[in-house]
Amino acid sequence: MEKVKLGNTDIYVTPVGLGVLTVGNTQLDLPVEAGADVVRYAYDRGINLFDTAQYYETYPYIAEAFRDTDMSPDNPDRPVIASKCLDCSYEAMEHAILECLEALNLETIDIFKLHEVRQDPDWDNRQGAWQCLKDYRDRGIVRAIGVSTHHVDVVERMASEPDCDIVFPLINYRGLGIRKGSEAASAEEMAAAIDKCLKAGKGVFAMKAFGGGNLTGSYMKALNYVRDLGCHSIMVGMGNRAEIDNLIDYAEGRLPSDFQPDVSEKRIRIDQGDCEGCGACVKRCPNKAIYINERGLAQVDHSSCLTCGYCAPVCPVRAIIMW
């Protein structure tokens, strides 16, 4: 698969990547061997970009997948690993970087990001962690640094942030999960912010093209929308080989324009790691299939769920997924 240069960095990535969150314990919860097989299969088929996070607890899958792979910086064919950390302080970010390097048996990490930067004052509150990323980049231990975010205003800010190499925004044609400040925002607003980053030389790879699986039935439309924005890569969470084959066929131009995957067996799920228990989905569900569980988080009663997807657009933290 042809690779593209990730903005002004010296990192080259495939136009599609694998989000490793999907195989982990908050979503499919695959055994390590099974999840590692998914990761390794994607790599063997030509995908070279893999995104994870300290919070996902998915390092064991990646470590097992690449156990016999030359991960040294001198190997030009090694996978590109991107990770991230939610914490604010210098010390916590340093721990996250060192933890990642040890868990994956790496000398250097390609990309490390502030995870899920939100509206003000979140950026200011995380300057200790940001300084740590800059220091580790200066030392050559991290090759590129940046942010992941669902927020239009954060993406706009990163366009003019000189130390930001990478932006990892949420974007899909329906605008599911996109925020601006404390309010919902549109796909058009995020697309404009992404364009500013691209013009500023930032490396941009996008998340949630399928809106957490809710747009998978519009497979070609969803991927084409993000591709046409000019993003360097589209990160997709996948849990089996067939999904990987479809994505690679798309990236290499082999899928017919009317391709639609079978989504008849997919179910609405609420990621318990992301849900904040706001209750918006409970109010929106037309069949009263969502309730607040004993942990104070939203949960789906599949015996009543119509899989209509009406709940997904109202979730402020894109916790509603379809698998």
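No value in this document is a laboratory result; all are computed from the given coordinates. Just so we're clear, the structure is a prediction, and the values are computed from it rather than from any experiment. Neighbour counts are summed over all protein chains in view; Cβ atoms, including those assigned to glycine, are modelled from backbone coordinates with ideal geometry.
Using the average count of surrounding beta-carbon atoms within 10 Å as a protection proxy, the listed peptides 235-242, 151-158, 304-311 rank, highest first, as 151-158, 235-242, 304-311.
So for each of 49-59, 136-146, 293-303, 81-91 I average, over its residues, the number of other beta carbons within 10 Å; can you give me the resulting order with the highest mean first? Let's see the in-between values first.
On the way: 49-59: 23.0, 136-146: 18.3, 293-303: 13.6, 81-91: 20.9.
Highest mean packing first, the order is 49-59, 81-91, 136-146, 293-303.
Rounded, prolate or oblate, given the Cα gyration tensor of region 173-254, with a/c below 1.5 counting as rounded? The shape class here is oblate. Note that the chain carries a Kirkwood radius of 19.8 Å, evaluated over its alpha carbons pair by pair.
Give the Rg/Rh ratio for region 222-320, taking Rg as the radius of gyration of the Cα atoms and Rh as the Kirkwood radius, to two decimals. Spell out each step's value before the answer.
On the way: Rg = 16.3 Å, Rh = 15.7 Å.
Rg/Rh for region 222-320 comes to 1.04.
Mean residue ellipticity, 222 nm, helices only, the chain: the sum of -39500 (n - 2.57) across DSSP H runs of n ≥ 4, divided by residue count and rounded to 500, is -8500 deg cm²/dmol. Global dimensions of region 83-176 from alpha-carbon coordinates: Rg and Dmax equal 13.1, 41 Å. Note on the chain: antiparallel DSSP beta bridges, both residues inside, total approximately 25 percent of the bridges counted. Using C-alpha pairs below 8 Å separated by at least 6 residues, the relative contact order for region 206-262 is 42 percent. Using only Cα coordinates, the Kirkwood hydrodynamic radius of region 103-238 works out to 15.3 Å.
A convex hull fitted around the alpha carbon atoms of region 27-116 yields 94 Å³ per residue.
For the chain, averaging the sequence separation of C-alpha pairs within contact (under 8 Å, six or more residues apart) and dividing by the residue count gives a relative contact order of 16 percent. For region 130-208, the convex hull drawn through the C-alpha positions has a volume of 83 cubic angstrom per residue.
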